[in-house]
Amino acid sequence: PLVAYLQGRRFDVSVHPLFDAAGYLRSHPTAASHPSGPLGHYTESGAAAGAAPNRWYRPRPDEPRGLVDWAAVSWRAWHERRADVTGEPPSVDWDRLAAEPRDETVVSVVVTTREDWRATRAAVASVLAADVPDGLTVECVVVDDGSGSLAAQVLDSLERIHDRVRVRHLGAPQGEARARDLALPLARGGVVVLLDHTATVDRGWLAPLVAPVAGSEVRATQSLLLNPSGSLRSAGTAFPGLGGLPYPFLADFPVEDTRGLDGLTFSALSGSALAIRTADLVAVRGSDPDLPLDLADADLCLRLAALGPGTLRVVPASRVTVAGSRRPGSAAGDAAGRRRFLDRWGETAPEDDAELWGSRGFEVVGREAATGPILARSRAHVAEGAPRLRWALKNPATPGSWGDAWGDTHFARNLATGLRALGQEVVVDRRDDYYRPSGYLDDVVLTLRGRTELVPQDPRPDGQVSLAWVISHPEMVSREEVASYDRVFAASRSWAARSSQDWSVRIEPLLQATDPDLFRPDRAEPDTGHEVLFVGGSRGEERQMVRDAIDAGLPLAVFGSQWEDFIPASLVRGEFVPNDELGALYAAAGVVLNDHWPDMRRDGFVSNRLFDAVACGARVVSDEVAGLEDLFGASVRVVHDAAELGALLGGGDLDAVFGSLEERRTVAERVRREHTFRQRARRLLDAALEVRGARE
């Protein structure tokens, strides 16, 4: 980066995490002509003049050269810590800690790290940005477990950026278990939360996590730990029924498998997001540094249980995403630690995993040393009528908050609700979890085919049915893919018919649908909202329907993201509309605009937005897709360009174009009666039973 910065004069390149070169250049344009660019300008003259090198640093009187002096002092302190590493490693005075008073209104979040300043900085920021329960404050104690000088400087900066952060540096690595014990002298709170340095906490994570440990009945709680893909990382710790080392419960399973988990008690929990009363943590003398960290967590919990009555609980309402793996020790050290754990607990370990898996509807039928328990789920036969099957819906959306806003995510959620109303068990996997290891336990795998293909397992697990529903991007679907499923459905009558004939493979039409509870005419008073409404992101391009509305001079209101490069900012009224508020927006609008991806329009895939808007009694204008009039009558009108759009909406009497309110509500009721997700779920269930019945 420094070479690119100096030789290529790439002043947008970050040459140091504490200096914002691009931001400095915006504030000091003349720095572009300095031989060493903004960094040279700051070190030679800007710092002495009090210029800001980033968004958070402000110079103090003892730092006349600003960040330059501050960094030099930080480096010297690091060098001195390294030079003083002699004799016994640092220790904790447990008796002194036990006598110290605690502030019960403070929660101390302890984060230990080594070198990985990027993840640590993000973890601390997420904790401080999250919601804090009334009457409590949060502090972060960061322990630097022997990082190099650059990481140490960035961690030092956390105290300058946030007034609720304190940092302790260790001169040499002590290991994560000992490092978090060494954080306790800095912790003021009555409750300590141990947190992985790669964690990102949900905004509402803290209140449900710490509330149970405020009393005497619960000694420790754990957040639900998620992988970045969205699957589970840990929902507590389970001990094998035949003895051996504990393992994370429900690892790589879907989140839906945690229903009712808050009613279970555990013998051990994960320390990646663990809340404990500080007095209890001090009473058991913290963690055993001679154990691998996961076993140190289990050992800590077993010693907590020995203090007396009190349970350990997982709190599904508290969610934390953990990105990295925990720092490993040496192979020899881990082996010795495992033996130490088994020697200590081998005879008295709980052996509770069969009971825990049974609470989730699974049976432990075998064990593999490398992969843990082998599970089974009883499979019902078609002769029982409509048995309760386990469905895995494959949602093509990305993980995280970006994918939360995808239409595919709302589609999968609505379909899951429809299947559950029919007595089915449903889990949902996003694209990164399509091939999760626990997939062999699913009875039906239904791929919602959008941008992501799923290749069915070969050979498939015993009795598993593989279905696909092509809901978008048909140009990405091949004959080979279609032939790999047991049954295929498509949200287009014309594409299903043509592809069935061309490929000699049966594809059944199954149109998209709406949620009649969310999308109905009584959500708002008609014509009280935006005159011309468009809801959707730009997709990184100038969408033609929006451009036509602007060219026609219509009073347009847009809700969606990434529009800044394509339309005036004044037209964007918001970046996101929650799905449960969308119906009211449609019902109140004068006219709702809709468009399709080019391939969907060409191949007759009717947009889900049309079903939702028409179900609200809205007037809708769309680009042309085959079959619109049969589905929606006069409620949806087709235009091809800005001139047609302006002429259609410029006459004044919109009811003469789209039908009266009573006529539109009649169409709305038909859509809400005939095109619901529960009806689609009924057809998919019938298809799955047909496949199973044919096999049997």
Worksheet item: Do you know which of the residues in the stretch 461-477 that are out of contact with any Asp or Glu (no Cβ under 9 Å at 6 or more places or on another chain) and not aromatic (F, W, Y) is farthest from F605 (Cα to Cα)?
Response: D462
Worksheet item: What pairs can you find where one residue is in the stretch 482-506 and of a type in the set (V, I, T), the other is assigned to a helix (DSSP H, G or I) and open to solvent by 40 Å² or more (accessible area, probe 1.4 Å), and their Cβ atoms are less than 9 Å apart, with a gap of 6+ or different chains?
Response: V482/W503; V505/R479; V505/A483
Worksheet item: Out of all the residues in the stretch 156-172, is one or more crowded, with 24+ Cβ neighbours inside 10 Å and not in a loop (DSSP other than H, G, I, E, B)?
Response: no
Worksheet item: Only one of these conditions is not met by D429: (1) among the acidic types (D, E); (2) over 25 Å from L518 (Cα atoms); (3) touching a strand residue (DSSP E or B) at 6+ places or on another chain (Cβ under 8 Å). Which number is it?
Response: (2)
Worksheet item: If you check V142, V107, which single one turns out to be over 19 Å from G175 (Cβ atoms), in a strand (DSSP E or B), touching a residue at least 24 places away in the same chain (Cβ under 8 Å) and not small (G, A, S)?
Response: V107
Fill in: G87, sole failed condition from (1) more than 41 Å from the chain's Cα centre (by Cα); (2) at negative phi
(2)
Worksheet item: Of all residues in the stretch 446-486, which are of a type in the set (D, E, K, R) and crowded, with 20+ Cβ neighbours inside 10 Å?
Response: R449, D486
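Yes/no matrix, rows are residues, columns are (1) at pLDDT 95 or above; (2) open to solvent by less than 60 Å² (accessible area, probe 1.4 Å); (3) within 20 Å of the chain's Cα centre (by Cα):
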| site | (1), (2), (3) |
| --- | --- |
| S272 | yes, yes, yes |
| R319 | yes, no, yes |
| G333 | no, yes, no |
| G337 | no, yes, no |
Worksheet, complete the sentence: Exactly one of D290, D262, D280 is open to solvent by 40 Å² or more (accessible area, probe 1.4 Å), in contact (Cβ under 8 Å) with a residue 40 or more places away in the chain and either among the polar types (S, T, N, Q) or in a helix (DSSP H, G or I) (or both), and that residue is D262
Worksheet item: From the residues in the stretch 105-119 that are under 21 Å from T137 (Cβ atoms) and of a type in the set (S, T, N, Q), which one is most open to solvent (accessible area, probe 1.4 Å)?
Response: T105
Practice prompt. Please work out if G650 is touching a helix residue (DSSP H, G or I) at 6+ places or on another chain (Cβ under 8 Å) and modelled with pLDDT under 95.
Written response: no
Worksheet item: Out of the residues in the stretch 515-573 that are basic (K, R) and farther than 18 Å from G590 by Cβ, which is least open to solvent (accessible area, probe 1.4 Å)?
Response: R543
Worksheet item: What residue, of S223, S147, S216, is surrounded by fewer than 24 Cβ atoms within 10 Å (Cβ to Cβ), in contact with a helix residue (DSSP H, G or I) (Cβ under 8 Å, 6 or more places away or on another chain) and not in a helix (DSSP H, G or I)?
Response: S147
Practice prompt. Test G652 against the criterion of being over 36 Å from the mean Cα position of the chain (by Cα), open to solvent by 10 Å² or more (accessible area, probe 1.4 Å) and at positive phi, and give yes or no.
Written response: yes
Practice prompt. Quickly run through the stretch 187-231 and pick out the residues that are touching a Pro at 6+ places or on another chain (Cβ under 7 Å) and more than 21 Å from T112 (Cβ to Cβ).
Written response: A207, V218, L224, S229, G230, S231
Discussion item. Here is a check on your reading of the model: is S126 in a helix (DSSP H, G or I) and either modelled with pLDDT of 95 or more or of a type in the set (D, E, K, R) (or both)?
Written reply: yes
Fill in: Verdict on E674 being surrounded by fewer than 15 Cβ atoms within 10 Å (Cβ to Cβ) and either free of Cβ contacts under 8 Å to residues at least 12 places away in the same chain or within 26 Å of G537 (Cα to Cα) (or both)
yes
Worksheet entry | Whichever residue in the stretch 228-247 is touching a Lys or Arg at 6+ places or on another chain (Cβ under 9 Å) and within 28 Å of T278 (Cα to Cα) and, among such residues, is least open to solvent (accessible area, probe 1.4 Å) | G236
Fill in: Lone qualifier among V68, V85, V106 - being closer than 30 Å to L209 by Cα and aliphatic (A, V, I, L, M)
V106
Worksheet entry | Positions within the stretch 47-104 being open to solvent by 100 Å² or more (accessible area, probe 1.4 Å) and either of a type in the set (K, R) or assigned to a loop (DSSP other than H, G, I, E, B) (or both), in sequence order | R55, R58, R60, P61, D62, R65, R76, D84, T86, E88, R96, P101
Fill in: Test result for R692, surrounded by 13 or more Cβ atoms within 10 Å (Cβ to Cβ), of a type outside the set (V, I, T) and at pLDDT 95 or above
no
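The values are calculated or read from the model by the stated rules, or taken from the named source; none is laboratory data. Quantities reported herein were computed from a predicted structural model and do not represent experimental measurements. For neighbour counting, all protein chains shown are included, and Cβ atoms are generated from backbone atoms with ideal geometry for every residue, glycine included. Calculation scope for accessible area: heavy atoms of the full protein, side chains included, ligands and nucleic acids excluded. Shrake-Rupley method; radii C 1.70, N 1.55, O 1.52, S 1.80 Å.
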